[in-house]
Amino acid sequence: MKWRRISVTAAGMIFLSGLAFGQGQAGKDVTGAVAIESPMEVKADVQVRSDVAPKACVIAGTVDESLIQKYPAVVYIEKADGMFRPQTVEMGQIKLAFAPHLLPVVVGSTVVFQNSDDVNHNIFSPDNEKYNLGSFGKGMSASHTFKEPGVYTQLCNVHPEMEAYIVVLQNPYFAVVTKEKAGKFEMPDVPPGDYTIKIWGEQLKKRELKIETPVKVEKGKQSVVRIAAPESKPKAK
Ligand SMILES: [Cu+2]
């Protein structure tokens, strides 16, 4: 297995040079691998497998549980070609909390905020499009359509402790990773191409970590991505 090192600056920029996928032994299973090292030593590696059924998820992987210990994160493809259908999804207010706590959506989607509590909630975000949907009571809802990609902190001015995140992405190739699911994720239907995989999470944000790794999707093959914690070592041979 071939490892190439990529340096990541504190600001999270990746300088790539001569990234190549080496030939795997006997031309099967592992056809390449990439290791990323940052000053904080966050590592990611990618393996391209040819021994999976063509219908299998084309990108699958794991995020080390220590990176999502407290909060879930979203793994996503930075940019993909095409037009993507927006959706209408719900973020509820239940027991004085937003549910879900982290909601990724494709750009153009509408999020409906549904209040299930006996008290009024207010809905606002100070980020990007900066909206304030006002306050409303039980059984009522308000909605916002997101035209700009980005991370939107979701707040309620009645309850300062209420906080959630809506991550508006360019394309629908994303997956939420949680500790409960051992950091496993799958992205089906990603068309063949060269992509950059990124991860965003509250815990990563607070540690100022930014991880991105190139991944190649090939027809009939599966790319396996592993995003590792600073403490653990990639499975280099
Ligand atoms: Cu509230």
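The values are calculated or read from the model by the stated rules, or taken from the named source; none is laboratory data. What you are looking at is a predicted structure, and each value in this text was computed from that prediction instead of being measured. We place every Cβ from the backbone using ideal geometry, glycine too, and count neighbours over all the protein chains shown.
Could you check segment 118-131 and list, in sequence order, the residues that are within 13 Å of the ligand (Cβ to nearest atom) and not β-branched (Val, Ile, Thr)?
Hits for segment 118-131 are 118, 120, 121, 122, 124.
Please name all residue pairs, on different chains or six or more residues apart, with Cβ atoms under 6 Å, provided the first residue is in segment 142-168 and is farther than 16 Å from residue 102 by Cβ and the second residue is surrounded by fewer than 21 Cβ atoms within 10 Å (Cβ to Cβ) and of a type in the set (Ser, Thr, Tyr).
143/110; 144/131; 145/110
So which of 145, 178 is over 26 Å from residue 64 (Cβ atoms), away from the ligand (no atom under 16 Å from the Cβ) and hydroxyl-bearing (Ser, Thr, Tyr)?
None of the others qualify; the one that does is 145.
So how many residues does segment 97-118 have that are touching a His at 6+ places or on another chain (Cβ under 8 Å) and among the β-branched types (Val, Ile, Thr)?
2
Looking for something under 28 Å from residue 225 (Cβ atoms), part of a strand (DSSP E or B) and modelled with pLDDT of 95 or more - is there at least one such residue anywhere in segment 110-133?
Checked against the condition, which is being under 28 Å from residue 225 (Cβ atoms), part of a strand (DSSP E or B) and modelled with pLDDT of 95 or more, segment 110-133 yields at least one hit.
What number of residues within segment 117-131 are surrounded by 14 or more Cβ atoms within 10 Å (Cβ to Cβ) and not aliphatic (A, V, I, L, M)?
Total satisfying the criteria: 9.
Tally up the residues in segment 170-199 that are crowded, with 21+ Cβ neighbours inside 10 Å, assigned to a strand (DSSP E or B) and of a type in the set (Ser, Thr, Tyr), please.
So the count comes out to 1.
Test each condition in (1) closer than 27 Å to residue 97 by Cα; (2) of a type outside the set (A, V, I, L, M, F, W, C); (3) at pLDDT below 95 for residue 186 and report the one that comes out false.
All conditions are met except number (1).
I'm checking my understanding of the structure. Among residues of segment 83-98 that are touching a residue at least 24 places away in the same chain (Cβ under 8 Å) and part of a strand (DSSP E or B), which one is farthest from residue 120 (Cα to Cα)?
Among them, the one singled out is 88.
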